[in-house]
1. Just to be sure I understand the filter: pairs with C-beta atoms under 7 Å, separated by 6 or more residues or on different chains, first member in the stretch 266-295 and touching a residue at least 40 places away in the same chain (Cβ under 8 Å), second member outside any helix (DSSP H, G or I) and of a type in the set (Lys, Arg). Which pairs pass?
2. Among the residues that make up the stretch 167-174, is at least one of them among the basic types (Lys, Arg) and either farther than 26 Å from Leu109 by Cβ or assigned to a loop (DSSP other than H, G, I, E, B) (or both)?
3. With respect to Arg218, is the statement that it is open to solvent by 50 Å² or more (accessible area, probe 1.4 Å), assigned to a loop (DSSP other than H, G, I, E, B) and over 13 Å from Arg327 (Cβ atoms) true?
4. Without any contact (Cβ under 8 Å) to a residue 24 or more places away in the chain, among the small types (Gly, Ala, Ser) and under 22 Å from Ser332 (Cβ atoms) - does that describe any residue in the stretch 181-202?
5. Please enumerate the residues belonging to the stretch 158-188 that are open to solvent by less than 20 Å² (accessible area, probe 1.4 Å) and either under 14 Å from Arg327 (Cβ atoms) or among the β-branched types (Val, Ile, Thr) (or both).
6. When the stretch 90-116 is examined, which residues are found to be outside any helix (DSSP H, G or I), touching a residue at least 12 places away in the same chain (Cβ under 8 Å) and of a type outside the set (A, V, I, L, M)?
7. Can you give me the ranges of the helices (runs of 4 or more DSSP H) entirely in the stretch 224-339 with at least 3 residues that are closer than 25 Å to Asp139 by Cα and out of contact with any Phe, Trp or Tyr (no Cβ under 6 Å at 6 or more places or on another chain)?
Amino acid sequence: MEGGVPARTNGACAASATDRTRLPVSEKKATRAAATARGEAAPSAVHRVGRLGGRDFPFRSGCSPKGEEGGSEARPLVIRQLRSSADILERSDAKALGSALAQDGYLYLPGALPREKVLEARARVLAYVRDHSEGVLEDASSGALAEECKVGQVPFMEGRNEISHSKEILRVVEGPEIHSIFRKIFGEPAKSMDYKWLRGIPRGAATGAHMDYVYMCRGSPRLLTAWVPLGDTTIEMGTLVVCESSNQLKGFQKLRDTYGKLDMEAARLKGTGWFTEDPRDLARFGGNTQWRTTDFKAGDLLIFGLHTLHMSTCNVTSKLRLSIDVRFQPASDPMDTRYFGEDVDPSKRAKAGLRASDDRDEAKDGDSSKKKKEKDVEETTVTMAELKKRWGFLA
């Protein structure tokens, strides 16, 4: 699930010593700013950051040995490169895929999906946004945002609708390539939820740290999320970031036993459903807490389970980030009926994540929306802060 928070401006990253010898300071800044605005990776010699919860954290693209990295309450947080499982997929080792997923909490599969199909889906979504909004896109072909575009202006595209289930999208998320991958993982045919989480994320938007169990816990315990970036997506554009091994590390057991067993709708929880927007809050759960992401390419695939903590970097560029979340499970397992079938109307679901964090309804409906919100508050029985205190995470 995803949502938006305002972007905050922090100081620019310092260039490396090598970079300083190549370009004057003014030219270096201009080069870096231009690359970021285009949604491109900055030059390799430049130190890069990912913005999480309104703060900038260093991004290190190299993979150091497991156990020699990570953040703790006494050690600064550094975002590191995802570990690829492409070699395991290439040799069709289903057992190794399952082991990697259980150990790390995710599978990063670069190039697993046909790049051309993904780019066709991207073009279709950009055309849809252009035709169903005003003041969002400056250029629909590149995804460049209009200067005045704000969080909440991008059309809502989740559910089962003309764009989420367009032929271009379905060729990617229901194609033989992705079904083959999940068949290997499950050892049997896979079925995806009919509800698709298709999203366009503008500048200033990001997602807080959460587990997917909170939103979709009434079906298969083997449910997996497939996060598909629709186009080349740098960390500056807003990439998904996973907390490695949070699904099984002993330090996260209390979190899994409390927050990780929450049914947001049953609890009538108010708000996004995120546990926190600040990744540093999670350092208490493991002395080796490690957040991972990468610069994604069209055709890359990221898979993770119900209890893997994840969030996203903030989009600090002038390009619209497009992605789609698709949930797969073994076809023989019980289904969460809220997300299967012809009638998966988003209005029947409690607002969470992105929908709970923007103000599009209030701006659109005025006083009626305000009255509805007041009624919702009266009917809400709990907030995340109250739950944290109940669980012993707050004094």
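The values are calculated or read from the model by the stated rules, or taken from the named source; none is laboratory data. What you see is a predicted model; the values in this text were computed from it and never measured. A quick note on method: Cβ atoms are made from the backbone with ideal geometry, for glycine too, and the neighbour counts reach across all protein chains shown. Just the protein is used for accessible areas: all its heavy atoms, side chains included, with ligands, DNA and RNA removed. Shrake-Rupley method; radii C 1.70, N 1.55, O 1.52, S 1.80 Å.
1. Note: pairs meeting the criteria are Gln290/Arg80; Arg292/Arg80.
2. Looking only at the stretch 167-174, we keep the residues that are among the basic types (Lys, Arg), and these are 167, 171.
Filter again for either farther than 26 Å from Leu109 by Cβ or assigned to a loop (DSSP other than H, G, I, E, B) (or both), leaving none.
No, the stretch 167-174 contains no residue that is among the basic types (Lys, Arg) and either farther than 26 Å from Leu109 by Cβ or assigned to a loop (DSSP other than H, G, I, E, B) (or both).
3. The answer is no for Arg218.
4. no
5. Glu158, Gly159, Ile163, Ser164, Ile169, Val172, Val173, Ile178, Ile181, Phe182
6. Ser92, Gly105, Tyr106, Tyr108, Pro110, Gly111, Pro114
7. It comes to 235-238.
Rundown of residues vs (1) under 30 Å from Gly260 (Cβ atoms); (2) buried (at least 23 other Cβ atoms within 10 Å of the Cβ), yes/no style:
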residue: Ala144; (1), (2): no, no
residue: Val151; (1), (2): yes, no
residue: Ile201; (1), (2): yes, yes
residue: Thr207; (1), (2): yes, yes
residue: Leu224; (1), (2): yes, yes
